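First comes the structure, then the notes that go with it.
The values are calculated or read from the model by the stated rules, or taken from the named source; none is laboratory data. Everything numeric here is computed off the predicted structure, so don't read it as measured data. Don't worry about glycine lacking a Cβ; one is built from the backbone with ideal geometry, like all the others, and counts go over all protein chains shown.
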């Protein structure tokens, strides 16, 4: 806080499930959300509904009070819900003697956030703008041992889900131009159903869905369709799954498969991508610039004949996206392994490493793992085989 010139951080969310900032500071499930106030050099305060007190006390905030302690209902009765809530926040800050500069964080509706900031300023509070990445973004960036364990456990469960899909592919057989599973044509929806069932069994939440792209569909890195596409011999089947466990921490995992012997182009794309990931994993460690692994992967791909963001703009085939991103309570947070990311990697960063190649009309390949950055190396948090042909 001192480095940012602020004396307090105020975090609000409607629930810890929908607000990663609140989940980060509380570390306990709070279904109805709450208001978190942390003054520099003092223990934090969490204000929640009467119904959430016991659950909130299982987290890391020792001082837990209720909305009623600060007259929330009276403010809503007098001013209506929108202004009443803002007046309530001001009352909490007044009674807790929050002075100096403060930063607002969490998930606010835009209009409500502006209204709250204006009201607090009129009442004498020095609300400071927080550019992106915010103070809380930077706090969330590096993970402590508790967080790493949460991500690792989410990874273990994710791999169990992936193994369910692999088992179906391994038990399938090629029959002419079809792939049969239990004597029926194998389609994308069979795999999707297996993912959903396995996630439910593992206690994983598919917060933002997942990707199963078959054949030419996999040429779109973020394919979001639900077509029941038949799986054909030798063509790519791309699985990208990014679930959350019960604490909200995420994992992000991608593999590319085929049933039967892969087509020559697919074998080349896969071999080049596995090699690209290997050299990136060998590079990643503390103090390496975030852009360095990305540039090295681009150069390898270019040497193998593939276009990348270093060779042309815009890129429509070949390597078309960044190499990776931070991971924790959200998919896609600091740091980012891209061409323009100049910050060094830090010990405790948890990042994805996901090179890929895409050829329109044919398909795509991506291999993705999550790693913990350490002083002299990186460690994959849920190691799993990389095999194309099943």
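Among (1) over 30 Å from the mean Cα position of the chain (by Cα); (2) under 20 Å from residue 13 (Cβ atoms); (3) loosely packed, with under 13 Cβ neighbours inside 10 Å, which single condition is residue 109 missing?
Every listed condition holds for residue 109 apart from (1).
This table checks each residue for (1) crowded, with 19+ Cβ neighbours inside 10 Å; (2) at pLDDT 95 or above; (3) on the phi < 0 side of the Ramachandran plot; (4) part of a loop (DSSP other than H, G, I, E, B).
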residue	(1), (2), (3), (4)
312	no, no, yes, yes
315	no, no, yes, yes
341	yes, no, yes, yes
347	no, yes, yes, yes
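Of all the residues that make up region 207-245, how many are out of contact with any strand residue (DSSP E or B) (no Cβ under 8 Å at 6 or more places or on another chain) and either closer than 21 Å to residue 370 by Cβ or buried (at least 16 other Cβ atoms within 10 Å of the Cβ) (or both)?
Here the count works out to 1.
Among the listed residues 107, 73, identify the single one that is out of contact with any strand residue (DSSP E or B) (no Cβ under 8 Å at 6 or more places or on another chain) and assigned by TED's automatic domain parsing to the domain that holds residue 29.
73
Could you tell me which numbered condition residue 121 fails, if it satisfies all but one of (1) part of a helix (DSSP H, G or I); (2) more than 27 Å from the chain's Cα centre (by Cα); (3) crowded, with 18+ Cβ neighbours inside 10 Å?
All conditions pass for residue 121, except number (3).
For region 233-245, check the following and say yes or no: at least one residue is modelled with pLDDT of 95 or more and over 24 Å from residue 189 (Cα atoms).
No, region 233-245 has no match at all.
At pLDDT 95 or above, within 18 Å of residue 251 (Cα to Cα) and surrounded by 18 or more Cβ atoms within 10 Å (Cβ to Cβ): does that describe residue 363? Before the answer, list the steps.
Numbers: at pLDDT 95 or above: yes; within 18 Å of residue 251 (Cα to Cα): no; surrounded by 18 or more Cβ atoms within 10 Å (Cβ to Cβ): yes.
Here the answer is no, as residue 363 does not meet what is asked.
Mind checking which residues of region 317-339 are within 25 Å of residue 133 (Cβ to Cβ), part of a loop (DSSP other than H, G, I, E, B) and touching a strand residue (DSSP E or B) at 6+ places or on another chain (Cβ under 8 Å)? I'd like the intermediate steps shown before the answer.
Within region 317-339, the subset within 25 Å of residue 133 (Cβ to Cβ) is 320-339.
Next, from what is left, pick out any that are part of a loop (DSSP other than H, G, I, E, B): 320-323, 328-330, 338-339.
If the condition is that a residue be within 25 Å of residue 133 (Cβ to Cβ), part of a loop (DSSP other than H, G, I, E, B) and touching a strand residue (DSSP E or B) at 6+ places or on another chain (Cβ under 8 Å), then 320, 321, 322, 323, 328, 329, 330 are the ones that fit.
Just checking, which of 390, 357, 337 is touching a helix residue (DSSP H, G or I) at 6+ places or on another chain (Cβ under 7 Å), at pLDDT below 95 and over 19 Å from residue 147 (Cα atoms)?
When all the criteria are applied, what remains is 390.
Scanning region 180-203 for residues that are in contact with a strand residue (DSSP E or B) (Cβ under 7 Å, 6 or more places away or on another chain) and in contact (Cβ under 8 Å) with a residue 12 or more places away in the chain, which turns out surrounded by the fewest Cβ atoms within 10 Å (Cβ to Cβ)? I'd like the intermediate steps shown before the answer.
Within region 180-203, the subset in contact with a strand residue (DSSP E or B) (Cβ under 7 Å, 6 or more places away or on another chain) is 180, 185-188, 190-192, 195.
When the remaining residues are screened for being in contact (Cβ under 8 Å) with a residue 12 or more places away in the chain, the result is 185-188, 190-192, 195.
Values: 185: 15, 186: 23, 187: 17, 188: 20, 190: 18, 191: 21, 192: 18, 195: 22.
Among those that are in contact with a strand residue (DSSP E or B) (Cβ under 7 Å, 6 or more places away or on another chain) and in contact (Cβ under 8 Å) with a residue 12 or more places away in the chain, it is 185.
Would you check if residue 76 is surrounded by 20 or more Cβ atoms within 10 Å (Cβ to Cβ) and modelled with pLDDT of 95 or more? Break it down into steps so the answer makes sense when it comes.
Values: surrounded by 20 or more Cβ atoms within 10 Å (Cβ to Cβ): no; modelled with pLDDT of 95 or more: yes.
No; evaluated as a whole, the condition is false for this residue.
For region 284-309: of the residues being under 26 Å from the mean Cα position of the chain (by Cα) and assigned to a loop (DSSP other than H, G, I, E, B), which is nearest to residue 362 (Cα to Cα)?
Filtering first and then ranking leaves 308.
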